[in-house]
1. Determine, for each peptide in 286-296, 713-723, the mean count of other beta carbons within 10 angstrom over its residues, then list the peptides with the highest first.
2. Enumerate the amide H contacts of residue 684 below 5 Å, restricted to partners 5 or more residues apart or on another chain; note that Pro and chain-start residues carry no placed amide H.
3. Provide, for q = 0.09, 0.15, 0.22 Å⁻¹, the log10 of I(q)/I(0) from a solvent-free Debye sum over equal Cα point scatterers in the stretch 570-681.
4. Can you work out ³J(HN,Hα) from phi for every residue in the stretch 353-362, in order, using Karplus 6.51 cos²θ - 1.76 cosθ + 1.60 and θ = phi - 60°, giving whole Hz and x for Gly and Pro?
5. Where in the stretch 707-754 are there GluC sites (Glu not before Pro) that are in a DSSP coil and have at most 14 other Cβ atoms within 10 angstrom of their Cβ?
6. Search the structure for amide H atoms under 5 Å from the amide H of residue 667, placed 1.01 Å from N in the peptide plane, and list their residues when 5 or more places away or on another chain.
7. Rounded to the nearest Å, what's the spacing between the alpha carbon centres of the stretch 670-709 and the stretch 455-519? Just the number, please.
8. Calculate one ³J(HN,Hα) per residue across the stretch 517-527 by plugging θ = phi - 60° into the Karplus curve 6.51 cos²θ - 1.76 cosθ + 1.60, and present them in order as whole Hz with x for glycine and proline.
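The values are calculated or read from the model by the stated rules, or taken from the named source; none is laboratory data. Just so it is clear, the structure is predicted and the values come from calculations on it, not from any experiment. Methodologically, a virtual Cβ is constructed for each residue, glycine included, from the backbone with ideal geometry; neighbour enumeration extends over all protein chains shown. We work out accessible area using only protein heavy atoms, side chains counted, and drop any ligands, DNA or RNA first. Shrake-Rupley method; radii C 1.70, N 1.55, O 1.52, S 1.80 Å.
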Amino acid sequence: MEEKRRENVVAGAVGAFLGALIGVVCTVVIGQLGYVASVSGLIMAVCALKGYELLGGALSRKGAAIASVLILVMTYFAHRLTWAAAIMSAFEGEVGLLEAFRAIPQMLEEGMLEGPAYWGDLAMLYLFTLLGAVPTIISGLRSTAMPDLPAGPVPEGLEGNGGEDAVLYPARREWMRPLRVSASLSMLPGLLGGCVLLAAAVSRDASIPLSMAALGCIAGAFVMMCVAFPAIQLSQADGFLFVRTAGMLWRVNLGGLNTMDTYRFTRKSVSLRALRWDKLTTEEQERARASVLRAISLLSSGQVMPGSSLSLMVMPLTDFQLIRETEWCWKGTYALQGGKQKKLSIPKAYPSFVPTYGLEPPQGPAPFRWSLLVLAVTAALLLGAAGGGLGRMLEGSLPGGRPAASAGKDDALTAREPASASSYETDGVRYQVDSTFLLTSVNTFYDPGTNTNYQVAVQYGVDEEQAVDALLRPIGDYRMSPRYEGFVFAHAGAEETLVPLTAADGTIYQHELLSLHLADGEAVHVGAALSGNGMLVTVEAHQTAGADEETVLGNILYILESIQCKEPAQVEITGDNYQDLFHLAEELDFTRTAVGYVKAPYDMFGRETFVDVHVPFSGEPVYLEDGGVLRSAAHGMEVAAGITASDGNAEAVVDQAYEAMAASGLDIYEDGVTETVYFEEYDIAVKQVAYLEEDGTKVRIAILYADRKQEGFYLSAQITYMPEQLDDAYPELRLELSAAYALTLPEIEPMDGA
């Protein structure tokens, strides 16, 4: 008999697992359809518990515990799988599902995924799972054991269904209200605490501890659901009626008895609520009494076999033995078939009723059970604190904090002072590099000593969050690469991400250096220094395998410490002078490219404003479209640039420019038109178009370009090659325009202009 019971438990566990798998599928599918997947937690709980009940035969307390563990584990798995599918979709199939699944912890650590959104979604999924599990467990744990029928003759007075000696004890719902309220309130501390902490986590950036604390509180509510289950069962006494006749005690399920055709006594619907005696009319109560006594008569006389549906609805509590009495119930046992004993708790909700003689009947409502609320608060505090502690451990690996792997470099890094240095200027900033470095292009250098390339960049209007994003950019570039090994900060022990640095001109910057290591021994280093007025200087170095990392980091720090801000002449740009300010871009160290100003659409800033564009330097710049477009040509290259308003993205701007070219009647060479390349992360688009001029004798190669400047406004440019006019200065101009527009312009071979 014991072996069979174990086999049922195993079968039930398999059923719970299969049911949980259905919940996993629903969670992922609902999430991929774009709907809130939290509601699938209901499906997860119900399917797992019903799966145990179907294959295990019945849902016991042990079964409920096994199914609950499976539900908790599979809910976490389903949530992570849903996010993995979303990541795979975001990368348009470049990342596999398994790879995305494995990468989630790393992406959370590196800030690639928003912690509040991830953990908040998991918390909501667990909350809905809890809502689905509670009623399913309550209904599944109701006893289905077969009671033992009393032996002997039919009790006197029941032969003719009169039952004059029978006493019926209906429950009074209000007597269990204090216990019902206590049991319900016991789940609120965890749920309310979880919701409050979750709301706080969503409103803050560094919120992993709050998110984990919220999960701990919600887990506390789940624990209290299990602890308060007996009290919940006791508080549902409304639908049960006790009957004592001829010294025998019976328990009657009113709602269940009413569903049996020959015993029906009311037409009231009982699909949502238990059928209550006090809700029946006098006539219905009389019919119910007759049905109950007739059922007792048939069961007592042996005309209805044990194990029938009727014996479950009208159940004899044969040989009831009291074990213990509390303020809310009597606990005892009654006989089952085969001589086994079944435990039963009878709530003190029945006036003038006692299960055995010699006991004191209840005189009024049961008291509140405040111990449940105290236990609930304790569970929420303890599990919430445990979750918060785990969250702080996780937070130590996030960019807002400091990863453990970055320890060991604090205060050890110093700038490497070169024997001689060369000065360079860009965007109003003067800086120095080692004189042995070779200038390969604008603000780009090569160190033959360490075989390392360095690039310097300057941005304005940057806040601290954007500065940190620039510092962490290589992580986004390499995080999915199989070569990626990890990253470290130069100042691991600092409380803040950016730490002070004093530059050559006395300006104090907030700075940090990050080193990203690759499996083949190569590394990418980024140094970022942010001034108080929003100027950000970044130095990025690509180090080959075998180079001395400390030397490379020392070079980066030297460049950052050498920063000096130039004071540019302040010239107010107006509608009267903007066309006269066309000049060679010497501030960018350009010798072939000019800076000019064009009118921006009024709606871009809500006032008359001018923006700078880069074009080939020539003595004959042309303003078009009422000053909104600047066109200039030199050395075989022509650029027309301006600001375009668009409701779409950069790809739409480029495609619109191409459609305008095609509609103008140009002789476009179809095989020379490429697909539009769109960089979604930066909202930049590029398209190459070949066409002919002068009766097909002149070949033109145009690069259509769009770059988002702010919401709804794009820098739009057409960079055109005229191969027959390319000269010796063309290569230098091409490199400068490539740097100005942050793209690699193609190299076109000169040709004769026949």
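1. With the highest mean Cβ count within 10 Å placed first, the list reads 713-723, 286-296.
2. 679
3. With no solvent term, the Cα-only Debye profile gives -0.30, -0.82, -1.29.
4. 10, 9, x, 9, 5, x, 9, 8, x, x
5. Details: sites: 711, 724, 732, 736, 747; in loops: 711, 747.
In loop regions of the stretch 707-754 (DSSP not H, G, I, E or B), the sparsely surrounded GluC sites (Glu not before Pro) are 711, 747.
6. 692
7. The stretch 670-709 and the stretch 455-519 have Cα centres spaced 35 Å from each other.
8. Along the stretch 517-527, the couplings run 9, 10, 5, 8, x, 6, 8, 10, 10, 10, x Hz.
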